[in-house]
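Here is the structure we will look at, set down as structure tokens.
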Amino acid sequence: MRKINILKIIGAAVGIILIFAAGFWLGLDFTNRFNLKAPLISQLLFENSENKNDASSSGGTNTDDLNIKSLGKAIDSVSKEAFSPKTKEELVVVAIKAVLDSLNDRHSEYFTKEQYAKIMESYQGIMSGGIGIIVTTNDNKETEVVKVIKGSPSSKMDIRQGDVIKKVNGEDVSNLAIEEVVSKIKGPVDTEVTITFFRLSENKSFDLKIKRGTFTIPNFVIEMIEGNIAYAQYYEFQEGGAQQLEEELDEMIKMGAKAVVLDLRNNLGGVLNDAVYLCDLFLDKGVIVTVKGRTDNKDSFEEFEASEGKYIDIPLVVLINEYSASASELSAGALKDNKRAMLIGEKSYGKGTVQVLHILPDGSGIKFTTAKYYLPSGISIDGTGIKPDISVKLDAQSTSDLQKEKAIEEIKKLIK
């Protein structure tokens, strides 16, 4: 099958293509990273500030250079003369945050050097110094647990989906960005972190002391159920993940699999080209996704079409829920719009935008939205989500997975 290479680098410095629901694994690679050289921020803002920042002495200087020098002059003057003393470093951060605030982009963030380094460390298949939970940002802008990773330090604790992180080592994190919460939870292996959780179903707060560790973060698990159904839980989209799934599905089909249940519940997203590759396994024609954005100071338009898929005739059911976001919504929506899969579960999260992370010359970083993606039907699911073909809500008191049971029921009909 043709491999589709898409959306590799955007911008200078370090470009990272992200599609996620404002959510992070505490240690997971959603991205492709590319190291490019960038000029020092001091050279950009303060070079020759004593005698070259005035417009009168900038003959031959282009507008961009003049704007940078003007900003440098303002920061330099304020740091030296303002009645309320501020360092140049503090003023640079204020200026960067003001630039991001001007975007009115709820996904934009500024990260200190330390925060950015920890975020980059978290983009690894092997997690070191984490506790092993997947989190997202809920409607109240709180950091909420989506899933506990098997074999991780948290798997030994009473942590459940829906628990909200209120404090980390006694510090209130209720109003912090999820990336900052993640960076505070991470730390050296074998050190301890105390997290205060709130569980709405029991209306109680509780503290857990968890020792940070090293563990493997799975991309997916797959098994044969009911004798002839390949059931794949796809936890997140990472580079090369769908190729691995392809290999496993080949083995399952050799073993007699007649249908596939693809479980995208609690999948917060990940790498875009992995989502495209996964969809392409089950499609032989049609649009998978369209990405409209802006790069290199101009509008961009990318449309990705399916090639000759490998599993175009095998019955397929996809499970989604409120934690299915971004790349998982793209996949579910593309398969639904192309009439290739039945969707079962609950309405998805509703995130249809693309963010890019840039590292700045001093090691700090910024994140902001660069594009929006559209399903084959032409709609954007940003803020609305995808409705399943068959709606099944989970009963919090039930010990049965009603959504999975419904998927099995429906896939058996398709097999017949």
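Structure data summary
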| read-out | value |
| --- | --- |
| Quarter of Cα convex hull surface for the range 126-216, i.e. mean projection, nm² | 5.2 |
| Gyration tensor over alpha-carbon atoms, the range 220-415, equivalent ellipsoid semi-axes in Å | 30, 19, 16 |
| Separation in nanometres of the label points that stand 7 Å from Cα toward Cβ, at residue 397 and residue 301 | 5.4 |
| Under 17 Å from the Cα of residue 86 - aspartates and glutamates, other chains or at least 8 residues apart | 76 |
| Computed label-point distance, nm, for sites residue 226 and residue 255 using a 7 Å Cα→Cβ extension | 1.7 |
| Radius ratio Rg over Rh of the range 58-116, counting only Cα atoms, Kirkwood formula for Rh | 1.05 |
| Order of 287, 318, 99, 181 under a 10 Å beta carbon neighbour criterion, fewest first | 99, 287, 181, 318 |
| Ascending count of other beta-carbon atoms within 10 Å, so fewest first, for 212, 294, 199 | 294, 199, 212 |
| Alpha carbon centroid spacing (whole Å) that separates the range 262-337 from the range 182-213 | 34 |
| Percent RCO, i.e. relative contact order, over the range 116-254, from Cα pairs under 8 Å lying at least 6 residues apart | 22 |
| Order of 215, 83, 237, 111 under a 10 Å beta carbon neighbour criterion, fewest first | 83, 215, 111, 237 |
| Inter-label distance, nm, simple model (7 Å from Cα along the C-beta direction), residue 82/residue 310 | 5.8 |
| Of 141/209; 97/147; 336/372; 88/113, those spanning more than 22 Å from alpha-carbon to alpha-carbon | 141/209; 97/147 |
| FRET efficiency for residue 100 and residue 207, using Cβ-Cβ distance with R0 set to 45 Å, rounded to 0.05 | 0.85 |
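Read-outs: derived from the displayed coordinates by stated rules, not from any lab. Just so it is clear, the structure is predicted and the values come from calculations on it, not from any experiment. Every residue, glycine as well, gets a Cβ built from its backbone with ideal geometry; the counts of neighbours run over all protein chains shown.
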